[in-house]
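Colleague: Would you mind keeping the following structure in view while I ask a few things?
The values are calculated or read from the model by the stated rules, or taken from the named source; none is laboratory data. This is a predicted model, so every value here is computed, not measured. Counting neighbours? That spans all protein chains shown, and the Cβs are built from the backbone with ideal geometry, glycine included. For the accessible areas, the whole protein counts, side chains as well, though only heavy atoms, and no ligand, DNA or RNA atoms are used. Shrake-Rupley method; radii C 1.70, N 1.55, O 1.52, S 1.80 Å.
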Amino acid sequence: RCHRCPHLPTLPCEKPCMLSEYTDRYHLYPVTLPRGSFKPKEAYNKAQIPMEGISTTKEDYIAHEVLPQKRKPPEKHVKSGESMDLTSTYKQDYNFCPVSQVPSCLPRATRRAPSAKMDTKTTYKDDYTQWNEAKTELIRPNNRFRPSEENFDHKTVTQDDYLYRGPVATQSCKPLNLVQKNKAPFENTSNYRVNYVPHPLEKPYIHKFEKYKVIDIPFDGLTTHKISYKGLACQPAKLAKPHQPKRLHDLPFSGTTEFQEKYQAWPRPPVFIKKPDVYLPSLEKMDLHTTTQIHYKHPNGKPAKVCRSLPQLKRSTEPFNSSSIMKEDYKPWLCKRLKPITHAPELTFPAKPMDCLTTFQAHYVPHPLTVRKNYKPGWSGPKQNTLLDAKTTYTSSYTPKRIVRCLASYKDPPGYVFEGIDADGHSLYLPASKSECLQSGH
């Protein structure tokens, strides 16, 4: 009922509709600035009195003289004369029993291979058979496009329409730089240098610590636990553990185990150790001279000079003899290349061509298929050759209806009587039949 449509729902609207009951009745108010805050500003007031270095801990808690604690000496261990019972619950309760393997209780699973041949036909092949229908023609327009026989000029629209007319001389719109350079020296004075004058620094406040004074009162050594919680006379707590009487046996405790009795160490043969030879030093003295020291002595002489002078050397015009003793004595032999020693082939290849048959193709011959009886119940539905009916419940039941105009588009909707306007500004309408009944009742 709150819908107000000034246009028909079927007709398209070019511009958005800005008409509404809200914009007509409720106009915009003038914009006003927000009111300023009356909250006082939180400014920190710095105290001018210097802070003292004394705390509540230094004033209340006075240091006392601490003496070393007296420790209680440990009690000496007194050896008892009773003999120790070396029995254990494991030896008393768990006796050794022979272990044997338990046979399996489950029966052996026997699989029987079926002798009947498997029917390889699927339900799809049985149920869905192909219909004998004609091929439907394609709904496609005829291809009437024929390429032109003229040669392609390879020119674009830009090349045809936009011709190059050469560079255009444009005038610069940049303003001229009329600032003249001043030849006077640059003044390096600033507001900071003029207004902010350096002041002499005051001496920092240094706190003087008081000297430690030793207190003459002795330390009592009492704590809140010793003062409040006093030891009261009471009976000691009894043990809740049940009493276990010890079983005494006359037999002594055997120190051997089952592992020591069964798994005994094998006798090891003695390891052969070779005795090192006794070193006998030689009686002769060692000659520490080498052949270089004996034969090559350094005589007090000068190095030999070349007897032949360098300018006397003359270059020979004869060709260089490249023969050497290596080339004359060691000449290459005339050797022949040896043929590889190949053995005669041991395999004999058949002269007949290969049949290319596998063991599967040779042994497994295809047999004719046995037609088995189909026990599937017959199809009680429509026959397969009948054509599909194109009628549905939608086409038969739902008929097209005419477009009804919205009642809110009328200024005075037919069949309704204007009653009044509510508190929210919405116009209320009642059907004519109801309004007549209300008038007759009044």
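Colleague: Enter the accessible area per residue of the range 30-102 (Å², integer; probe 1.4 Å; all protein chains in place).
Modeller: Accessible area per residue: 125 Å².
Colleague: Treating each Cα of the range 138-189 as an identical point scatterer and ignoring solvent, apply the Debye formula and state log10 I(q)/I(0) at q = 0.23 Å⁻¹.
Modeller: Treating every Cα as an identical point scatterer, log10 I(q)/I(0) equals -1.04.
Colleague: All other residues with a Cβ under 11 Å from the Cβ of His64 taken together, and with Lys, Arg as +1 and Asp, Glu as -1, what is their net charge?
Modeller: -3
Colleague: Please give the Cα centre distance for the range 31-90 versus the range 280-300, rounded to the nearest Å.
Modeller: 86
Colleague: Something else about it: If ligands, DNA and RNA are left out, what is the accessible area of Phe152 with a 1.4 Å probe, given in Å² to the nearest 10?
Modeller: 150
Colleague: I'd like the chymotrypsin sites (Phe, Trp or Tyr not before Pro) in the range 165-209 restricted to DSSP loop residues with at most 11 other Cβ atoms within 10 Å, sorted by number.
Modeller: Sparse-neighbourhood loop chymotrypsin sites (Phe, Trp or Tyr not before Pro): Phe186, Tyr196, Tyr205, Phe209.
Colleague: Here's a follow-up. If you filter the range 158-221 for trypsin sites (Lys or Arg not before Pro), then keep DSSP loop positions with at most 11 other Cβ within 10 Å, what is left?
Modeller: On the way: sites: Arg165, Lys181, Lys183, Arg193, Lys208, Lys211, Lys213; in loops: Arg165, Lys181, Lys183, Lys208, Lys211, Lys213.
Taking the range 158-221 and a limit of 11 other Cβ atoms within 10 Å, the loop trypsin sites (Lys or Arg not before Pro) found are Arg165, Lys181, Lys183, Lys208, Lys211, Lys213.
Colleague: Could you pull out every residue, at least 5 positions away or on a different chain, whose amide H is within less than 5 Å of the one on Val417? Hs are placed 1.01 Å off N in the peptide plane, and Pro or chain starts have none.
Modeller: Leu430, Ala432
Colleague: Here is a further query. Subtract the Cα-Cα distance of Ile294 and Lys275 from 0.36 nm times their separation in residues, and report this length gain in nm to one decimal.
Modeller: So the extension gain works out to 2.7 nm.
Colleague: While we're on this one: Which value, in debye to the nearest 20, gives the size of the charge dipole of the range 154-195 about its Cα centre, when Lys and Arg are +1 and Asp and Glu are -1 at the Cβ?
Modeller: So the dipole magnitude of the range 154-195 works out to roughly 260 debye.
Colleague: Can you run phi through the Karplus equation (6.51, -1.76, 1.60; θ = phi - 60°) for the range 155-165 and list ³J(HN,Hα) in whole Hz, with x for Gly and Pro?
Modeller: 10, 9, 5, 5, 5, 6, 7, 9, 8, 7, 10
Colleague: I'd like to know which of Thr123, Pro74, Cys97 lies farthest towards the positive end of the charge dipole of the range 72-172, counting +1 on Cβ of Lys and Arg and -1 on Cβ of Asp and Glu.
Modeller: Positive-most Cα among the choices belongs to Cys97.
Colleague: With every protein chain left in place and a probe of 1.4 Å, what is the accessible surface of Trp131, to the nearest 10 Å²?
Modeller: 130
Colleague: According to the square roots a ≥ b ≥ c of the eigenvalues of the Cα gyration tensor, what is the shape class of the range 63-210, taking rounded for a/c under 1.5, prolate for a/b larger than b/c otherwise, and oblate for the remainder?
Modeller: Oblate, since a/c reaches 1.5 and b/c is not below a/b.
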